[in-house]
Structure formats: structure tokens, C-alpha cells
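One structure is given below, encoded as C-alpha cells.
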Amino acid sequence: MALLTAKGLFLGYEGQSVAENISFTVEPGDYLCVIGENGSGKTTLIRTILGLVKPLSGQIALGEGLEKNQIGYLPQQDEIQRDFPASVEEIVLSGNLHHLGWHPFYRKEDRARAKEAMEKMGILHLAQHPYRALSGGQQQRVLLARALVAADRLLVLDEPVSGLDPVVTAEMYSLIRTLHEEGMTMIMITHDVTTALSEATHILHMGKTVFFGTKEAYLEQEKGEEQ
Amino acid sequence: MDKLIMYLQYPFVRYAIIVGVLIALCSSLLGVTLVLKRFSFIGDGLSHVAFGAMAIATVLKVSNDMLLVLPITILCAILLLRTGRNTRIKGDAVIAMISVGALAFGYLLMNLFPTSSNLTGDVCSTLFGSTSILTLKPSEVWLCAVLSVIVITIFILFYHRIFSVTFDENFALATGTRVDIYNLMIAVVIAVIIVLAMNLVGSLLISALVIFPALSAMRLFQSFKKVTICSAILSVFGALAGLIISILADTPVGSTIVACDVVIFGLCYLIGRVKK
Ligand SMILES: Nc1ncnc2c1ncn2[C@@H]1O[C@H](COP(=O)(O)OP(=O)(O)O)[C@@H](O)[C@H]1O
Ligand SMILES: [Mg+2]
């Protein structure tokens with residue numbers, strides 16, 4: 001059974017349709033890139049998967065025992081408060097919130113999990129630094145570390161490299177690739193088609209025509225259209 | 001100094017100082033959340049509602065004002081939160097309507113059913129705080145103390161959740177946090193704090209008491225924990241200084257405390273500048 005199955009999804013806000021008839025599946029170990037123009041509903045799709053927005057119609061099913069709160073989420077940049085007074089560690093720790101249950105405070109294992117994630121993202125030395133003083137790339141690593149703390153098997157990344165310079169962008173993609181190679185299933189939004197085609201295993205193209213399939217099938221179809 | 005020691009011998013002065021410190025502590029805790037979540041408008045609206053409720057309590061001659069003012073303010077907090085969420089732009093208008101309406105009705109009620117000969121004095125003391133902190137009855141002191149302790153306990157127990165919901169509501173929601181419940185809790189706690197703070201500084205100055213210490217602390221520190229602790233300390237310090245000065249110099253309690261908070265903010269602003 002697939003980790004995530006979407007069938008005939010209609011997305012939108014308060015009856016206003018944003019995207020129509022979207023179906024796709026995500027198997028464990030997949031790296032799905034969602035591409036499409038600005039405003040085509042990519043963010044809305046992610047928010048619907050996470051349960052932040054209700055679909056107008058259609059179904060989303062999680063499989064393989066995956067719970068909704070085990071999905072790690074990296075929001076699009078403009079949704080975060082940049083000038084918030086918080087240390088890197090405080091933010092990464094907050095990925096543990098749903099592990100807390102009835103405990104009021106984080107336990108040893110929560111702190112260990114946060115430390116491990118910061119180590120993986122190469123930001124352990126910044127743990128006590130203020131988030132708002134970091135560079136854009138470092139801030140994204142912090143948010144990725146937080147997503148990693150929250151996630152067990154599936155990461156959902158909404159434009160993780162927007163606003164970053166080319167060098168930092170390449171670093172970010174390589175970090176994500178490493179996580180994928182270590183067994184994490186990925187859903188990543190990007191409007192950089194070249195990257196999508198070099199990194200992903202599957203492509204979901206949103207817009208007037210909706211495409212879902214493997215990267216190879218996507219290339220075939222593009223070729224077909226050109227001729 | 002002698003004057004201060006003499007005053008400290010009166011139990012009501014000691015009560016006032018204990019209650020003042022507790023209220024200052026409470027009001028500073030949620031300051032950061034209020035500022036950053038743009039909940040401050042709710043705080044402002046609520047303080048006006050509290051004034052209206054106070055007027056009703058005065059007219060009805062309720063023995064303990066807070067027993068009436070508290071539920072009304074909490075109810076309005078919940079209402080404001082709801083409208084503020086659902087309709088983005090209209091939310092502001094609703095808040096303005098409720099708060100200005102409450103002010104007008106409050107004043108009207110106090111005019112129609114004057115309970116004392118000194119109406120302007122009554123209104124003024126409700127708006128700007130009076131010496132009421134010095135005239136609290138033991139039952140009110142106890143209520144204040146109990147509510148303060150409840151607020152502080154809730155804040156400590158839910159500290160990490162409040163942090164997450166304040167920093168990134170979407171992420172918290174995505175990982176299965178009941179954000180709506182915590183928002184409700186924050187709104188109710190804000191209502192309680194406002195009613196408490198009304199005793200100390202009056203309803204027009206409440207926002208200052210809540211927001212200034214947080215803004216000051218944010219000038220000095222960069223982590224949520226440090227900012228929270230620092231704003232608690234600054235708030236308590238400001239309240240103590242304000243209370244003592246007002247006793248010695250015979251100035252109005254509320255505005256003296258707020259003046260102290262403003263001076264502290266100015267100092268923190270300068271220190272923050274120099275540190276950079
Ligand atoms: N909270 C919202 N309420 C109503 N409409 C929205 C909301 N968020 C986004 N939209 C609209 O939905 C459409 C798709 O937006 P979005 O999913 O962010 O696109 P993308 O991420 O692909 O750029 C846009 O036209 C946008 O204006
Ligand atoms: Mg988007």
C-alpha cells in the first residue's frame with residue numbers, strides 16, 4: 001500500500017476552486033517533485049495534504065501506518081515570522097511537540113532527537129544563536145532540522161530554496177538528496193523544472209493540464225508535445 | 001525612606017505591593033505572544049470591554065466587581081478571537097465596534113445611574129487606575145493572588161506549546177497540535193490578565209503594562225526563553241518602582257508604573273543600540 005494516495009482532489013478556499021482533479025500516489029522511498037506556475041495551487045495542495053485546508057472534494061488517504069502528525073513540514077518562507085526572538089535550538093526542539101503527549105516539558109530523548117537533526121543539517125554550532133540573525137540558507141536548515149525532528153518517514157518541503165543564492169541552493173538540494181538516500185520519502189515543491197528532473201523520481205505537474213507519473217514518463221510526454 | 005517604611009507598616013500597602021508584583025508578572029508573560037501574534041488589538045479591545053463591564057458592576061453595586069467583569073471579558077475574548085479568525089478584514093471593524101461601544105455604554109451607564117457624587121472621578125479612576133490597588137478588600141486581594149498563580153502555572157505548563165503556536169501556527173497545526181484550543185486558552189488568559197491589570201493601572205493603560213516589558217526585553221535578548229524571563233523581571237521591577245514612587249511622591253499609581261515601563265523601554269532601546 002502507498003504511503004499517500006490522493007484521488008480526484010479538487011482544491012480551493014471557501015468554495016473558490018484553485019486546482020482540479022488531482023490524483024497521485026507516493027510510495028515509500030519516492031522523491032516527488034511538484035512543479036507548476038505561481039498560483040497553480042502547489043502550496044494549497046501541500047496544506048491540504050497536511051490537513052490545514054479541507055479539499056473541496058476528493059480523498060486523501062495515508063497508508064503504511066503513517067499518521068498525519070508524522071509528516072515533517074517545511075513551510076514556504078513567507079509564512080514564517082522572520083523577526084521572532086528565538087534561538088535555533090528552541091525552534092528545532094519545537095518539532096517534538098507532538099511527541100510530548102501530556103508532558104509539559106521536553107525530555108532527554110526529545111533533546112537528543114533535536115541534537116541529531118541539527119548535527120545532520122550542520123547547524124549544531126549555531127544551536128544557541130538567534131534565528132533572526134542567521135543567513136537565509138542557515139534559516140532554511142533550521143526549519144529543515146525542525147521538520148526532520150517531527151518526521152519519521154515523510155518530509156514535505158514547500159520551495160525550500162526560494163530566495164537562496166546558487167551556491168547555497170546547491171547545498172540545500174544535496175542535503176535533501178542525502179536525506180532521501182537515507183530512506184526519507186520526499187515531496188518537494190519547486191518551480192525549477194531542471195532541478196526537479198535531476199533530483200526527483202516522480203513528477204506532479206499542476207496547472208491547466210495535470211500530469212502525474214515517473215520522471216521518465218514526464219520526459220516522454222514533453223517530447224511528444226514538442227513534436 | 002522613613003516615609004516608605006512607615007507606609008510599609010500598613011497592611012493595605014503591603015497587599016498592594018504583593019498584588020502589584022503578581023499582576024506585573026502575569027501581564028508580562030504573554031506580552032511576547034501578544035506582540036508577535038498581532039493579538040495586541042484584541043488586548044486593546046478587551047480593555048475597553050472590561051471598562052464597560054466595570055461600569056455595569058458599579059451600577060449594579062456588585063460586591064466584588066471582578067466576579068462580573070471577569071466572565072464578561074472572557075466571553076468577549078472568545079468572541080473577538082472567533083471573528084478575528086474567520087473574517088480577516090471585518091475582524092478589525094468588529095473589534096473597534098465592540099470596544100468603542102463598550103466605552104460609550106459604560107460611560108452612559110455611569111452617567112444615568114451615578115453611584116457617587118464624584119462621577120468624573122469614578123470614570124477617571126476606572127480608565128486610568130486609581131488608588132484602588134491601595135483600597136483592595138482582602139477578598140479581592142485573594143482573588144487577584146489566586147488568579148495570578150493560575151495564570152503563571154498555565155503559562156509554565158504550556159510554555160512549549162505557546163512558543164510553537166506563536167512562532168509558527170501552521171507547523172504546529174501540521175504536527176497535530178490543537179492550535180484552536182491553545183489560541184482559545186491564550187485569549188482567555190489574556191482576558192484574565194486584563195481584568196487583573198485593571199486593578200493596577202486602569203483600563204486605558206493595560207496594553208502598556210502588557211506590551212512594554214516584552215518590547216524592552218526583545219531589544220536585549222534573542223531567544224524566547226530569555227526574552228520571557230527578562231520581560232517578567234523588567235515588568236516586576238517597573239511595577240515595584242512605580243508603586244514606591246507613587247507612594248512617596250503621591251502620584252497616581254497606574255500612570256507612574258507605565259511611566260516607569262516607558263523609561264525602562266528607553267534604556268533597553270539604547271542598550272540594544274549600543275550592543276549592536
Ligand atoms: N488562504 C487563502 N485564501 C484564499 N485564497 C488563497 C489562499 N491562499 C492562496 N489562495 C489562492 O489560491 C491560489 C493558489 O495559491 P498557492 O497554492 O499558494 O499557489 P502556488 O503555491 O502554486 O504558487 C492563488 O490564486 C491564491 O491567490
Ligand atoms: Mg506556493
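Structural remarks
- Candidate set from segment A:1-22 (those that are closer than 24 Å to residue B:172 by Cα and among the hydroxyl-bearing types (Ser, Thr, Tyr)); member that is farthest from ligand 1 (Cβ to nearest atom): A:5
- Cβ-Cβ contacts under 8 Å between residues 6 or more apart (or on different chains), taken from a first residue in segment A:208-227 that is within 19 Å of residue A:31 (Cβ to Cβ) to a second residue that is assigned to a loop (DSSP other than H, G, I, E, B) and of a type in the set (Gly, Ala, Ser), are listed as A:215/A:200.
- Residue B:209 meets the stated requirement of being part of a helix (DSSP H, G or I) and more than 14 Å from chain A (Cβ to nearest Cβ).
- Candidate set: segment A:51-72, residues that are under 19 Å from residue A:19 (Cβ atoms), of a type outside the set (A, V, I, L, M, F, W, C) and touching a strand residue (DSSP E or B) at 6+ places or on another chain (Cβ under 8 Å); chosen: the one nearest to ligand 2 (Cβ to nearest atom): A:55
- Only residues that are within 8 Å of chain B (Cβ to nearest Cβ) and either under 19 Å from residue A:7 (Cβ atoms) or buried (at least 20 other Cβ atoms within 10 Å of the Cβ) (or both) were counted across segment A:42-53, and they come to 3.
- Qualifying residue in segment A:54-68 (condition: in contact with a Lys or Arg (Cβ under 7 Å, 6 or more places away or on another chain), in contact (Cβ under 8 Å) with a residue 40 or more places away in the chain and not aliphatic (A, V, I, L, M)): yes
- Restricted to segment A:23-75, the set of strands (runs of 3 or more DSSP E) holding at least 3 residues that are within 16 Å of ligand 1 (Cβ to nearest atom) and over 24 Å from residue A:91 (Cβ atoms) comprises A:31-35.
- Residue count for segment A:118-160, restricted to those that are in a helix (DSSP H, G or I) and within 16 Å of ligand 2 (Cβ to nearest atom): 2
- Any hit, segment B:214-222, residues being away from chain A (no Cβ under 13 Å) and surrounded by fewer than 19 Cβ atoms within 10 Å (Cβ to Cβ): no
- For segment A:165-177, the set of residues classified as in a helix (DSSP H, G or I) and of a type in the set (Asp, Glu) consists of A:171 only.
- Of the residues making up segment A:196-214, those that are surrounded by 18 or more Cβ atoms within 10 Å (Cβ to Cβ) and part of a helix (DSSP H, G or I) number 2.
- One residue from B:229, B:181, B:150, B:154 being more than 14 Å from chain A (Cβ to nearest Cβ), without any contact (Cβ under 8 Å) to a residue 60 or more places away in the chain and surrounded by fewer than 21 Cβ atoms within 10 Å (Cβ to Cβ): B:150
- Complete set of residues in segment A:12-33 that are surrounded by 14 or more Cβ atoms within 10 Å (Cβ to Cβ), over 11 Å from residue A:210 (Cβ atoms) and within 16 Å of ligand 2 (Cβ to nearest atom): A:12, A:18, A:32, A:33
- Residue satisfying all of: in segment A:54-110; buried (at least 16 other Cβ atoms within 10 Å of the Cβ), closer than 25 Å to residue B:35 by Cβ and more than 10 Å from every other protein chain (Cβ to nearest Cβ); nearest to the chain's Cα centre (by Cα) among these: A:77
- Residue check, residue A:180 within 16 Å of ligand 2 (Cβ to nearest atom), buried (at least 16 other Cβ atoms within 10 Å of the Cβ) and either under 14 Å from the mean Cα position of the chain (by Cα) or not β-branched (Val, Ile, Thr) (or both): no
- Cross-chain or 6+ apart pairs with Cβ under 6 Å, segment A:12-30 first and over 22 Å from residue A:200 (Cα atoms) and more than 14 Å from chain B (Cβ to nearest Cβ), then polar (S, T, N, Q) and away from ligand 2 (no atom under 16 Å from the Cβ): none
- So residue A:180, is it farther than 12 Å from residue A:74 by Cβ, outside any strand (DSSP E or B), within 16 Å of ligand 1 (Cβ to nearest atom) and in contact (Cβ under 8 Å) with a residue 24 or more places away in the chain: no
A short reminder: the numbers here are calculations on the coordinates, not readings from a lab. Just so it is clear, the model here is predicted, and its values are computed rather than measured. Methodologically, a virtual Cβ is constructed for each residue, glycine included, from the backbone with ideal geometry; neighbour enumeration extends over all protein chains shown.
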